[in-house]
Amino acid sequence: MVRIKNAPGDGMRQCAGVLRDHYRSSLVPPHLTYPLSAPDWMFYHQQGLMLAKVHSCAIVGLDGYVVEVEVDSSRGLASFTLVGLPDAAVKESSERVRAAIRNSGLFFPTNRVTVNLAPADLKKIGPSYDLPIALGLLMASDQLDPGCLDGAMVLGELALDGAVRHVRGVLPAAAFAREQGFRRIFVPAADASEAALVNGIEVIAVESLEQLVAGLKGFAPLKVADPIALADLPRSQFVVEPMVDFAEIKGQEVAKRALEIAAAGGHNVLMVGSPGAGKTLLARALPGILPALTLEEALDITRIYSVADMLPPDTPLIQQRPFRAPHHTISHAGMIGGGKFPRPGEVSLAHRGVLFLDELPEFDARTLEVLRQPMEDKVVTISRVSGSLSFPARFQLVAAMNPCKCGWYGDPVRPCTCTPAQISAYQKKISGPLLDRIDIHLEVARLNFDKLSDMRPGEPSAAVRARVQAARDRQLRRFAGTPLTCNAEMGVAEVRRYCELDEAGRSLMRSAMTQLQLSARAFHRVLKLARTIADLAGSERIATVHLAEALQYRPRRRE
């Protein structure tokens, strides 16, 4: 029994209420012990203790921003005010934090609490501020040393029982924290392996609020995640396992050769053929012959998937090139990215990989036209009133379509039922400027019985991939010291430097410009394609035969 003396009426009643609540729940502040004198409780409850600051991170696009979580505990009626432009998920953190603190055996302040997320003009999105707010409250109520989080950044969502849950964007947040000079970062245990990809910063894995408080107070060791040495990862893990092996594809030697060239130089491909000719099968075989990812490319892809919250739970690092195949009903924002709070779209999720668009004319015309800018600039810019965001989009486009609406135009066996007007209208769904940005236009022919019934295996994907890798290695040596990684990324200056033609080649291109009505863009794309064919042949110069093969992949009929 605690007797309260020498306290005013209101203060005595408040003090008695606090004692009653804490006796019922057996929640004892760590630095106080029972029995307590009335002056101790009066001071603890009425005076207010301090202003606490905890650093967290906001991810906008792929960029990080430091967020200062300021917690003020002062005199006044019990209240919890959260300011700093929070969204709905952040506003709800007050109840999650309250329950997590109490269920972790800690004391939740019963006076006036104000939490400010600075800077106030930056929108705060998501539940990753739960853990820094809780730690700030514990510091402001003198349950934690105010200096225990110096030089640290904190991220994490709290469950009602105090467990710390996964949050998105941990990899870019850890990289940003290192750039800003933070010595360590506290992240959910589920995301610790992702943050450990960033060397030069100590990663603390947090399983629960109770465990973290015990570690900060020195009662238990903090769980430090072992850094992942990226250079020691076996290169075999970065090779895509083929969904379809080239050896399983009967016939289609011309198409397989075109896909080998496309893989070697990162070129865009459009396959046209009747239904069942094997266009989708060929497209799904392409990832199996793509070159292995470099470490820099793997980290780029992982950052995007981390922000999009699409990393598999047991895969902290994306080690294979992505293959994205959205349905033709996809929205404009789903393809290019965007939304109220912009997220990466399919063109960014296919970064450093393949974007496969089956039944190309069935996609919305506006959705297809927005592909033109990222195909040229390799980046997507999303503009809003509050500012602009950029996402990388170095994808390789592989598209497939039928020659007409019924699909049988030009088929040697089955007659087409479309009128000339219908055929023209169907083909015009793909605009000329978009077609002009596609390097390889490929006609996929119907296979006859003899080729389909041939049991002899074809050349496996591993053998094709070895040639592709050798060609890519030549390109990496050629572009050393530049951001370029393949021939398809060359600009006008690089084309002029690395795609010189002899007199015979110039004469051939002069004739092709007239007969095929090549635009300036198409002219440069032919030269880049010829450069890739020469790389596959191991030639330092573009020969006439390389140029002639590149010209065969241009469409014969212009719109």
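The values are calculated or read from the model by the stated rules, or taken from the named source; none is laboratory data. The shown structure was predicted, so the numbers you read here are calculated from the model rather than taken from an experiment. Here the Cβ positions follow ideal geometry from the backbone for every residue, glycine too, while neighbour counts run over all protein chains shown.
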Can you name every residue in segment 188-235 that is part of a loop (DSSP other than H, G, I, E, B) and among the acidic types (Asp, Glu)? 207, 226
Does segment 183-200 hold any residues that are surrounded by 22 or more Cβ atoms within 10 Å (Cβ to Cβ) and more than 22 Å from residue 308 (Cβ to Cβ), and which are they? 186
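Looking only at segment 333-345, decide whether some residue is part of a strand (DSSP E or B), touching a residue at least 40 places away in the same chain (Cβ under 8 Å), of a type outside the set (Lys, Arg) and under 16 Å from residue 169 (Cβ atoms).
yes
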Go through segment 319-336 and count every residue that is crowded, with 16+ Cβ neighbours inside 10 Å, modelled with pLDDT of 90 or more and not aromatic (Phe, Trp, Tyr). 8
Has segment 539-550 got at least one residue that is in a loop (DSSP other than H, G, I, E, B), polar (S, T, N, Q) and touching a Lys or Arg at 6+ places or on another chain (Cβ under 6 Å)? no
I need the full set of residues from segment 239-252 which are assigned to a helix (DSSP H, G or I) and either at pLDDT 90 or above or crowded, with 19+ Cβ neighbours inside 10 Å (or both), in order please. 246
Among the small types (Gly, Ala, Ser), surrounded by 18 or more Cβ atoms within 10 Å (Cβ to Cβ) and assigned to a strand (DSSP E or B) - does that describe any residue in segment 130-151? no
Take residue 100 and tell me if it is surrounded by fewer than 24 Cβ atoms within 10 Å (Cβ to Cβ) and either within 19 Å of residue 210 (Cβ to Cβ) or within 25 Å of the chain's Cα centre (by Cα) (or both). no
Would you please list the contacts, defined by Cβ atoms under 8 Å and residues six or more apart or on different chains, that run from a residue in segment 288-299 that is at positive phi to a residue that is at pLDDT 90 or above and not small (Gly, Ala, Ser)? none
Quick test of your reading of the structure: residue 171 fulfils all but one of (1) in contact with a Ser or Thr (Cβ under 7 Å, 6 or more places away or on another chain); (2) of a type in the set (A, V, I, L, M, F, W, C); (3) part of a strand (DSSP E or B); (4) within 30 Å of residue 318 (Cα to Cα). Name the failing condition by number. (3)
Could you check how many residues of segment 491-502 are in contact (Cβ under 8 Å) with a residue 40 or more places away in the chain and buried (at least 17 other Cβ atoms within 10 Å of the Cβ)? 2
Select from segment 503-523 the residues that are under 17 Å from residue 548 (Cβ atoms) and within 37 Å of the chain's Cα centre (by Cα) and write down the one among them that is surrounded by the most Cβ atoms within 10 Å (Cβ to Cβ). 522
